[in-house]
Amino acid sequence: MPTSHRTPAVLMLLPVLLAGGACAGIASAQATSEFTNSGQALGDSNSWSVALGDLDGDGDLDAMVANRSQPNTVWTNDNGNFGNGTFTNSGQTLGNSASWSVALGDLDGDGDLDAMVANSNQPNTVWTNDGTGRFTNSGQTLGSSFSLSVALGDLDGDGDLDAVVANYDEPNTVWTNDGTGTFTNSGQTLGSSSSLSVALGDLDGDGDLDAMVANNGANTVWTNDGNGTFTNSEQVLGNSESWSVALGDLDGDGDLDAMVANNIYYGGSQPNTVWTNDGNGTFTDSEQTLGDSRSYSVALGDLNGDGDLDAMVANYNQPNTVWTNDGNGNFLNSGQQLGDGYSQSVALGDLDGDGDLDAMVANGISGVGPPNTVWVNVVQEACCVDGICIQQQVDLCEAIGGTYIGGNCSDVTCPHPTATGACCVASGCTIITEAACTELGGSWTESGSCDDCPTTCPADLNGDNVVDGQDLAVVLGAWGLPCDE
């Protein structure tokens, strides 16, 4: 069994589930993203996993936390659409097992989010939601292994959520759902490694969900035949104590890559790694060495609003870190040091309703490490105010009368509100504002010169490019008339 405090952290990021991720970019340049501790102290348990989702149906993201030495807990986000990111303990005590992982999904097909919990000293459990965030044990006892991680997805193509469970020193298992939330062991035995984490995604591009498993040793890829039967791809990915794996398109080529969090405390382990996919499910080490920490969990999301997937890593007895992506799958440490606790799981989601991804971090050990924490993300991008660019949040930019551009001010030119330029009209050119030029029907160039206007001939009154008697006739016909006729 494991010899250190850790979490496999199945990271179900609702509504930003990152098997592909929703990465609506604002600008190509990276913005400024800074995380601030909200100051909330959420419980005092030995928490190993956190999953986010709208549990009570009010439109914001709540949290379920799996604890090792105390019952699992549900934390509701402040009421309203959206919540403000302030969490309240719902008072529910869900089980009394050594729970290591929790995943959320609609398991019984009634439209709300239920939960599957992986336990180490008792069978795994399914908790059904009544739609208001109140959970009831379904009474199912799923397996009797030392289960450390669970991931949900439609594995057999029948439209409901099945489960893959990662077990330590025992084969991993696949549990199929009958659509009502009742699970049956498929009988498959996936490997014989000491598995610590599992993530699901279409790794080989054939339209079904495959699995990547993080092990204490070489990580493995299992391909799905579409009916929920898995085959080992025989890839040997690294040789570390890998505690967490997250999938997402890291290099922008349309397939799912992987970031793996490793624990370097024990000899032979590597720093955290990025594995790139060739589109057919074959992975190559990018050879990046990301950090030198005891990392237990990684979550992917667009943290700085530039359209690609960044990473937050939860570390044990060291600050948590944020890694920004350049869009090609190359990661740079942002330099942020978030806390200094025994962090064992991280989940990303818009907790305060401002449009960016915040973080909830599960910490242990009870009585030693800090309580679970909420980190609020502040994304500041280019905002033009009276011709001046400042880095500002989108809501504050609009509040001060600015125009939100996105990206960095170093890459943005803000137009001056009263800028002048060359106004080219048929009768010649003048230096005026754009609005005045538009009233004249001219063509305006900011800061332009009249030399930029096409050459005109003032005597060609009828515009036929010839000065002749027809132009004289125009003059004689208007001779003596007042100018306003």
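Structural remarks
- Exactly one residue out of Q344, Q318 is under 30 Å from T273 (Cα atoms) and assigned to a loop (DSSP other than H, G, I, E, B), and it is Q318.
- In summary, strands (runs of 3 or more DSSP E) completely within region 113-217 and bearing 1 or more residues that are among the small types (G, A, S), more than 15 Å from A66 (Cβ to Cβ) and under 24 Å from the mean Cα position of the chain (by Cα) occur at 147-153, 195-201.
- Being open to solvent by 50 Å² or more (accessible area, probe 1.4 Å) and within 19 Å of Q40 (Cα to Cα) holds for only one residue in P370, P415, and it is P370.
- Residues of region 379-400 classified as in contact (Cβ under 8 Å) with a residue 24 or more places away in the chain, aliphatic (A, V, I, L, M) and in a helix (DSSP H, G or I), total: 1
- Close contacts from region 280-292, counting a first residue that is modelled with pLDDT of 95 or more and a second that is in a loop (DSSP other than H, G, I, E, B) and of a type outside the set (G, A, S), with Cβ to Cβ under 6 Å and a gap of 6+ residues or different chains, come to N280/D204; G281/L203; G281/D204; L290/P271.
- Qualifying residue in region 344-357 (condition: farther than 27 Å from D255 by Cα, open to solvent by less than 20 Å² (accessible area, probe 1.4 Å) and under 16 Å from the mean Cα position of the chain (by Cα)): yes
- Selection from region 323-345 of residues that are in contact with a Leu (Cβ under 7 Å, 6 or more places away or on another chain) and within 19 Å of I264 (Cβ to Cβ): W323, F331
- Under the condition of being part of a strand (DSSP E or B) and more than 18 Å from S101 (Cβ to Cβ), the residues counted in region 283-311 number 8.
- Here region 51-71 is the region considered, the condition is being more than 21 Å from the chain's Cα centre (by Cα) and part of a loop (DSSP other than H, G, I, E, B), and the residue that is modelled with the lowest pLDDT is S69.
- Out of T128, T136, one residue alone is β-branched (V, I, T) and in contact (Cβ under 8 Å) with a residue 40 or more places away in the chain. It is T128.
- L351 meets all of the listed conditions (1) modelled with pLDDT under 90; (2) among the hydrophobic types (A, V, I, L, M, F, W, C); (3) part of a loop (DSSP other than H, G, I, E, B); (4) touching an Asp or Glu at 6+ places or on another chain (Cβ under 9 Å) but one, namely (1).
- Flag if L338 is under 24 Å from Q70 (Cα atoms) and either of a type in the set (A, V, I, L, M, F, W, C) or modelled with pLDDT under 95 (or both): no
- Contact map, region 219-235: residues that are assigned to a loop (DSSP other than H, G, I, E, B) paired with residues that are small (G, A, S) and open to solvent by less than 30 Å² (accessible area, probe 1.4 Å), Cβ distance under 8 Å, separation 6+ or inter-chain. Pairs shown: S233/G281.
The values are calculated or read from the model by the stated rules, or taken from the named source; none is laboratory data. Source: prediction; values computed, not measured. Positions of Cβ are backbone-derived with ideal geometry, glycine not excepted, and every protein chain shown enters the neighbour counts. Note: accessible area is taken over every heavy atom of the protein model, side chains too, but ligands, DNA and RNA are not part of it. Shrake-Rupley method; radii C 1.70, N 1.55, O 1.52, S 1.80 Å.
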